[in-house]
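The values are calculated or read from the model by the stated rules, or taken from the named source; none is laboratory data. Every value quoted in this text rests on a predicted model; they were computed, and no experiment measured them. All Cβ positions, glycine included, derive from the backbone under ideal geometry; neighbour counts span all protein chains shown.
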Amino acid sequence: MNEITLDVNGTPHKVAVEDTTLLLDALRRRVGVTSAREGCGVGACGACTVLAEGRSVSSCLAVAVRYDGTPLTTADGLPEDDPVVSSFVDSDAMQCGYCIPGFVLMTKELLSENPSPNDEEVSDHLEGNICRCATYPEIIKAVRLAAKRSAT
Amino acid sequence: MSAGRVHRPETLEEATALLGELDDVMVYGGGTAIQILRKQGLLFTEDYVDIAGIPGLRDLTVTDDDITIGTLVPLRRVETDPRTRRLVPVAAAAYGQAANPRVRNTASAGGNIAHGDYRLDPPTALVVLDATVHLASAAGSREVAVREFFTDFQETDVRHGEMITAITVPRQPDGSRSSFVKMRSLSENDWPCASAAVLAVPEDGFVEIRMGLGAVAPTTVYLAFDVTPDMDEQQAVEAALDIADSVMDPIADIRGSASYKARLGRVAVEQAVRSSLKELSRD
């Protein structure tokens, strides 16, 4: 076992993990974060997305020990008035919502790199996230709105 | 990864010693392919050597002649770093089409080629750029031309006890133009059913066309020919298709039959050659 500190949304959590414990499992079972979800398990759907130092990571493919002390952001750590969160809510960009934390975090990363993406750039960045309700048109609208709100 | 021991060396010497001593061992780099293959029940390696703690393996260094990409540099950094975009644009383009942006943040440049899959995007660019792979073992280091690196279906020239430390990529020649085209039959971020990286290098009225083909044969394929001054664009495309046809040997799978992939391979070659030559003619 390894004693590591997972720095989640600014709060340090000391947790014990095996060499092979996935970051997703450490976050859900040891820290209690439930906004990162398992979907496909192979990095293709984005439901397990977290940000590590602002960069998106599929936590289902990442071992927890690699993230000892790394600042992590999960969707539940974002405030309700975060421009991306509020834009997804105001755009009705969800039905069941299972995939939405991943879309929100990918959008945070996109806008931090490219504050005014065109639709193709939005699609390119979100292409690895899958929504089974197919709310994609509203998700694209939400990203456009979030770009506007982030700029003001 | 319920089974499997993980070793975490802090120096290259410790890592190569472990790789030499252990029998059934694999380097753990970005870990994305290893995790997927383990979950799919396709990988049962006993020991993993996690190289994340070794200094220097994440460096991206530029000289007057080339760029050296440390083995742990994420694919997305090759895609987005302003230096790679400027100096080796065909590599930036190909790296930027692998998987999805999130997986590219974690997957490593060295692990990508170590995987050795015939459908990988980055090797198509590395072969046209004549990159060199740096390998280290307890016995020392050696270099292998990437054009010799992919030896057979899912096989590379990495020997037991060795690990990739870096990839050196020569800068694209002055005045050259390039294109990377990826054809997908399933989702946007899936493996290609055919891909082509093309570099067009003008010299004394001739244009050398270098082509790296992915997914249309059991390994990445490298081909080159000269467009002579008397050939127009259409003749250059036909020459490219003839030479590409001679090596195409696609593997049928859920992404298409062998004939479908060969057909799309021709489309990828034609698009990439035309695009590169059109850009050259604008210069």
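List of remarks:
- Residue match in the stretch A:53-62 (condition: under 13 Å from residue B:31 (Cα atoms), crowded, with 19+ Cβ neighbours inside 10 Å and hydroxyl-bearing (Ser, Thr, Tyr)): yes
- Any hit, the stretch B:200-216, residues being in a loop (DSSP other than H, G, I, E, B) and either within 28 Å of residue B:72 (Cβ to Cβ) or in the same structural domain as residue B:12 (by TED's automatic domain parsing) (or both): yes
- Across the stretch B:67-84, a minimum of one residue is classified as charged (D, E, K, R) and away from every other protein chain (no Cβ under 12 Å).
- The stretch B:4-18, residues that are outside any helix (DSSP H, G or I) and either charged (D, E, K, R) or within 18 Å of residue B:159 (Cβ to Cβ) (or both): B:5, B:8, B:10
- Screening the candidates A:42, A:143, A:85 for the property of being farther than 17 Å from residue A:9 by Cβ and in a helix (DSSP H, G or I) yields one hit, A:143.
- Some residue of the stretch B:220-227 being within 22 Å of residue B:122 (Cα to Cα), in the same structural domain as residue B:192 (by TED's automatic domain parsing), β-branched (Val, Ile, Thr) and surrounded by fewer than 18 Cβ atoms within 10 Å (Cβ to Cβ): no
- In this structure, residue B:79 qualifies as among the acidic types (Asp, Glu), closer than 30 Å to residue B:211 by Cα and either under 23 Å from the mean Cα position of the chain (by Cα) or not in a loop (DSSP other than H, G, I, E, B) (or both).
- The residues of the stretch A:2-35 that are on the phi > 0 side of the Ramachandran plot and touching a strand residue (DSSP E or B) at 6+ places or on another chain (Cβ under 8 Å), listed by number, are A:9, A:10.
- Scan the stretch A:88-119 for residues that are over 24 Å from residue A:134 (Cβ atoms) and either part of a helix (DSSP H, G or I) or basic (Lys, Arg) (or both) and the total you get is 2.
- Hits in the stretch B:47-63 - residues which are within 13 Å of chain A (Cβ to nearest Cβ) and in a strand (DSSP E or B): B:47, B:48, B:49, B:50
- For the stretch B:173-196, the set of residues classified as within 14 Å of chain A (Cβ to nearest Cβ) and touching a Pro at 6+ places or on another chain (Cβ under 8 Å) consists of B:182, B:184, listed by residue number.
- Applying the condition of being of a type in the set (Asp, Glu) and without any contact (Cβ under 8 Å) to a residue 40 or more places away in the chain to the stretch A:10-25 and asking which residue is farthest from the other protein chains (Cβ to nearest Cβ) yields A:25.
- Within the stretch A:105-122, the residues that satisfy the criterion of being free of Cβ contacts under 8 Å to residues at least 12 places away in the same chain and within 12 Å of chain B (Cβ to nearest Cβ) are A:113, A:114, A:120, A:121.
- Restricted to strands (runs of 3 or more DSSP E) entirely inside the stretch B:111-176, those with at least 2 residues that are out of contact with any His (no Cβ under 8 Å at 6 or more places or on another chain) and surrounded by fewer than 20 Cβ atoms within 10 Å (Cβ to Cβ) are B:132-137, B:140-145, B:150-152.
- Residue among A:134, A:142 that alone is among the hydrophobic types (A, V, I, L, M, F, W, C), without any contact (Cβ under 8 Å) to a residue 24 or more places away in the chain and not assigned by TED's automatic domain parsing to the domain that holds residue A:21: A:134
- Restricting the stretch A:46-70 to residues that are more than 7 Å from chain B (Cβ to nearest Cβ), touching a residue at least 24 places away in the same chain (Cβ under 8 Å) and in a strand (DSSP E or B), the residue that is nearest to residue A:17 (Cα to Cα) is A:50.
- For residue A:98, the conditions (1) farther than 24 Å from residue B:39 by Cα; (2) surrounded by fewer than 21 Cβ atoms within 10 Å (Cβ to Cβ); (3) among the hydroxyl-bearing types (Ser, Thr, Tyr) are fulfilled apart from (1).
- Each residue in the stretch B:60-91 was checked for being small (Gly, Ala, Ser) and surrounded by 23 or more Cβ atoms within 10 Å (Cβ to Cβ), and 1 of them qualify.
- Residues in the stretch A:123-140 that are away from chain B (no Cβ under 14 Å) and not in a loop (DSSP other than H, G, I, E, B): A:137, A:138, A:139, A:140.
- Among the residues making up the stretch A:26-39, a single one is over 15 Å from the mean Cα position of the chain (by Cα) and within 14 Å of another protein chain (Cβ to nearest Cβ): A:26.
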